[in-house]
Amino acid sequence: MVNSVEKLSAQTILITGASGFLGSHLVRHLCHNGAEVHAVSRSFHTSDISCLRWWRGDMEDIKFVQNLFHSIKPDVIFHLSGLVTAVPNLEFILPTFHSLLTSTINLLTVAAEIGCSRIVLIASLEEPEQGRPEVVPSSPYAIAKFASSTYARMFHRLYQTPVVLVRPFMTYGPGQNVYKIVPSVILSLLQGQAPKLSSGKRQVDWIYIDDVIAGLLAATQVPSIEGCTFDLGSGELVPIHAVVSELVNLVNPQIQPLFGALPERPMERIRVADTAYTYDKLGWQPSIPLKKGLELTVNWYTKHQKKIGYTS
């Protein structure tokens, strides 16, 4: 990982969705190690860090993307932007289509025209598996991500666009959206409230944010992996109720979570990361065990809970 950062420090890096969970961690890590980073967000940001420049714009706007590439001339691109929600409501059809698919096609098109050395595109564990077209996507988000990944592979095949896909599994850690399961449970417990959950039976492959960042960096450095998809996960399934129980033990063992208080989401996938393939090709494997990652996450939210203003 150190070698990956050293190599990136000599290149111009573009990060879309830089203010999100993955993006903000990636920006901090690269800037801390001296890389030249250009960060894109829909909202206005400023920075007093000399190696970081914020660009405000919408990746759904092809003109903005073209101007961005001509101005920056990025060597490496991390495409992390897009609306992230697994809620299957009809109202998310168009927002996810444009936020995820239109933005990705814009970026791939401009990159194919102008050129770059590597694009790292975020895939999703919610996507149907390749070679199983009979599997129906479980949400507008899932189908938009699946289409984005398919377009990326097509761009590589037809136009030799140097895109690599990485698929983070259930990522958690400091600074995550407070309505995601791990931070929402932690913050409820910190406020002395019983977290409301579904049955908690779903088996999940959990991965700490620092390990995901290490995987993203590794995906920029290995040669001859364009067009491939790599899983970033632990390779083990742990049910939600077990993670919640661990959080309860860490925060407040006197509180009993309310399992079954919320409905199950339909068609949620049970999927484990292919860590052997990722290690073979990228040399990456997770280094932070689940228990340690949960402790780090609890410590961060305990320290920052007053600034967050979360209400359950």
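The values are calculated or read from the model by the stated rules, or taken from the named source; none is laboratory data. The shown structure was predicted, so the numbers you read here are calculated from the model rather than taken from an experiment. As a convention, Cβ positions derive from the backbone with ideal geometry for all residues, glycine included, and neighbour counts pool all protein chains shown. Each accessible area value is taken on the protein alone, full model and side chains, heavy atoms only, with ligands, DNA and RNA left out. Shrake-Rupley method; radii C 1.70, N 1.55, O 1.52, S 1.80 Å.
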Env charge @ I13, Cβ radius under 9 Å, K,R +1 / D,E -1, value -2
List every residue whose amide H lies under 5 Å from the amide H of V164, counting only residues 5 or more places away in sequence or on a different chain, with H placed 1.01 Å from N in the peptide plane. I119, V120, L121, G227
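Give me the extension gain from Q254 to H32: residue separation times 0.36 nm, minus the current Cα-Cα distance, reported in nm with one decimal. Walk me through the intermediate numbers first.
Details: separation 222, 0.36 × 222 = 79.92 nm, distance 3.99 nm.
Taking Q254 through H32 to full extension adds about 75.9 nm, to one decimal.
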Within segment 79-103: backbone nitrogen closer than 16 Å to the I62 label point (7 Å, Cα to C-beta): 98-99, 101-103
Just subtract the alpha-carbon distance of Y159 and H98 from 0.36 nm times their residue separation and send over the number in nm, one decimal. 19.7 nm
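Quick one: Cα convex hull volume of segment 16-99, Å³ per residue?
Working: hull volume 8.2 nm³, N = 84.
Looking at segment 16-99, the number lands at 98 Å³ per residue.
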Packing-based order for 193-202, 120-129, 13-22, using average beta carbon neighbours within 10 Å, highest first: 13-22, 120-129, 193-202
For segment 196-272, the percent of accessible surface on carbon and sulfur atoms (probe 1.4 angstrom, ligands and nucleic acids excluded) is 52
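From the protein chains alone at 1.4 Å, what is the descending order of accessible area for L26, L290, largest first?
L290, L26
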Across all directions of projection, what mean area in square nanometres is found for the Cα convex hull of the chain? 15.7
How fast does segment 81-154 diffuse by Stokes-Einstein, in µm²/s, taking the Kirkwood radius from C-alpha pairs at 37 °C and 0.692 mPa s? 256
Computed about the Cα centre, the charge dipole of the chain from +1 Lys/Arg and -1 Asp/Glu charges at the Cβ has a magnitude in debye, to the nearest 20, of 480
Hey, what's the Kirkwood Rh for segment 172-262 if you take every pair of different alpha carbons, in angstrom? 14.9
Residue-wise, which Karplus ³J(HN,Hα) couplings in Hz belong to segment 29-44, taking 6.51 cos²θ - 1.76 cosθ + 1.60, θ = phi - 60°, and x for glycine or proline? 5, 5, 5, 4, 9, x, 6, 8, 10, 10, 10, 10, 8, 5, 9, 7
If you place +1 on the Cβ of every Lys and Arg, -1 on the Cβ of every Asp and Glu, and leave all else neutral, what size is the dipole of segment 193-281 about its Cα centre, to the nearest 20 Debye? 440
Give me the Debye-computed log₁₀ of I(q)/I(0) at q = 0.15, 0.19 Å⁻¹ for segment 1-142, equal point scatterers on Cα only, no solvent, two decimals. -0.78, -1.14
